[in-house]
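Below you'll find the structure, written out as structure tokens, and then a few comments.
No lab work stands behind these numbers, since they all come straight from the coordinates. Owing to the predicted nature of the structure, the values given are computational and were not obtained by experimental measurement.
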Amino acid sequence: MTSHPLLRHLRYRLHSRLPRLYPGALCRMPEAATAAVTIDDGPSPTTPRVLDALDAAGLPATFFVSGRAVLEHPREMRLIRDRGHVIASHGFAHGDLSRQPRHAVEDDLVRSLEVIAMVSGIRPTLFRPPYGRLHPMHRDIPVRHGCALVLWSVTPADYDVTLSADELRRRMADVGPRDIVVLHDTPGCVERTLDCIAQLRHDDAARDFEYRTIT
């Protein structure tokens with residue numbers, strides 16, 4: 001059931017701002033005149049379409065890929081690399097790591113790093129836990145394996161099929177300097193993701209900042 005528009009808006013605001021409370025996570029770009037586009041969950045069969053849209057918009061992106069998806073779609077993984085985007089880890093199995101014991105969290109991260117390096121030749125130095133959830137007592141795990149913890153400041157929910165196109169456009173128009181935007185590379189929401197990317201392209205000319213990858 002679709003929630004009341006006001007409740008939906010408040011939930012969007014909460015989900016976009018709550019990560020800033022997580023200790024030690026990068027949620028905003030350090031440089032004042034920059035913003036970043038990040039893509040979660042891939043690679044997938046629709047990755048080429050996402051990459052084409054990014055190329056058309058002139059947008060660099062940071063892809064937080066899942067290890068299991070990398071094994072299933074190695075060609076698409078290498079395509080992300082060959083297009084010059086940054087490759088980062090989204091864990092291996094895309095489970096809620098905040099509910100997992102320490103050894104399971106570490107195993108999931110390490111496995112993802114190994115698989116990504118095996119397929120792409122690149123070992124990620126950035127990590128975003130699935131759903132942005134990681135127990136605070138485990139925040140040292142990514143650091144111990146050479147990864148900075150990255151969350152976000154804007155999450156327009158391109159995966160939400162109940163969200164109207166107008167509302168999605170309004171959310172994308174919220175993107176400003178220092179924001180880290182999270183979109184998704186999944187077949188079920190690709191059209192909405194492409195619309196979001198096109199909106200960033202449309203708005204970019206009127207803004208006084210540039211999009212960069214996270215390093």
Taking the convex hull of the alpha-carbon atoms of region 83-138 and averaging its shadow over every direction gives an area in square nanometres of 4.0 nm²
How many Å³ per residue does the convex hull of the Cα positions in region 1-48 occupy? 172 Å³
Could you give the length gained on full extension between ARG201 and TYR131, defined as 0.36 nm per residue of separation minus the Cα-Cα distance, in nm? 22.6 nm
Taking a ≥ b ≥ c as the square roots of the Cα gyration tensor eigenvalues, with a/c under 1.5 meaning rounded and otherwise prolate when a/b beats b/c, else oblate, which class fits region 40-166? oblate
Tell me the mean residue ellipticity at 222 nm calculated for the chain from its helices only (DSSP H runs of n ≥ 4, each -39500 (n - 2.57), averaged over every residue, nearest 500). -12000 deg cm²/dmol
Amide H within-cut-off set for ASP179, under 5 Å, with H built and near neighbours excluded: MET29, ALA36
May I ask you to compute the full-extension gain from ARG11 to ARG99, defined as 0.36 nm times their residue separation minus their alpha-carbon distance, rounded to one decimal in nm? 29.5 nm
